[in-house]
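Shown next, in structure tokens, is the structure this report addresses.
Bear in mind these aren't lab numbers, they're just calculated from the coordinates by the rules spelled out. Because the structure is a prediction, the values reported are computed rather than measured. Quick reminder, even Gly has a Cβ in these numbers, built from the backbone with ideal geometry, and neighbours come from all protein chains shown.
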Amino acid sequence: MLGRLENIGADLNAYTTKEETCIHASFLSVYYDRAIELFADILFNSTFPEKEIDKEKDVVIDEINAYKDSPSELIFDEFEEMLFRGHPLGKSILGTPASVKRITRKRILGFIAGHYHTNQIVISSVGNIRFDRLVKLVNEAFGCLPENLRTDSRQVF
């Protein structure tokens, strides 16, 4: 998938915070159709091969170990842990080596199924495209997203 974006000169990147996952790209406006199609392909058709998951686990564990060498980051994590005790926001975004080792393909797919719904995804765009055309492209590519079927309540502070 990444090669298909690179073939059109696009730059794809992603990041995760405690509250969001962001996938973003820069590309020439003549490739809007293709870029949106590729974003949908990433969301709906990523296969998460075990071999790639294992490689990424090693990368994250290395990041966790490097993170321990940053006192300012550790202090901030401890502050958030005290502030948000018992809530996911109080946990380190990287997790622990043990929690990373427990990640499986099945858990990743379950997380996506449980969290990536119409009322939890924001699609935004800046560029040389008419709004009505963008809406049409997004509806064609992402119109099959399920609505949020979760009925559990979220913890509020």
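Projecting the Cα atoms of G127, V30, H117 onto the charge dipole of the chain, computed from C-beta unit charges around the Cα centre, puts H117 farthest toward the positive end. Taking label positions 7 Å along the Cα-Cβ direction at both K51 and R105, the computed distance is 1.2 nm, reported to one decimal. Each Cα pair under 8 Å and six or more residues apart adds its separation to the average, and for the range 49-107 the resulting relative contact order is 44 percent. Using a cutoff of 8 angstrom between alpha carbon atoms and counting only pairs six or more residues apart, the relative contact order for the range 22-157 works out to 30 percent.
Values (i) 8, 30, 33, 23, 6; (ii) 12, 35, 30, 18, 5, 0; (iii) 11, 34, 27, 13, 7, 5, 2, 0 are given for comparison; P(r) over Cα pairs in 10 Å bins from 0, in percent, derived from the coordinates here, is the one labelled (i). When only the Cβ of Lys, Arg, Asp and Glu is charged (+1, +1, -1, -1), the dipole of the chain relative to its Cα centre reaches about 480 debye. When the helices of the chain are scored as -39500 (n - 2.57) per DSSP H run of n ≥ 4 and the total is divided over every residue, the value at 222 nm lands at -15000 deg cm²/dmol.
Only Lys, Arg, Asp and Glu carry charge here, each on its Cβ (+1 for the first two, -1 for the last two); on that basis the range 49-107 has a dipole of about 480 debye about its Cα centre.
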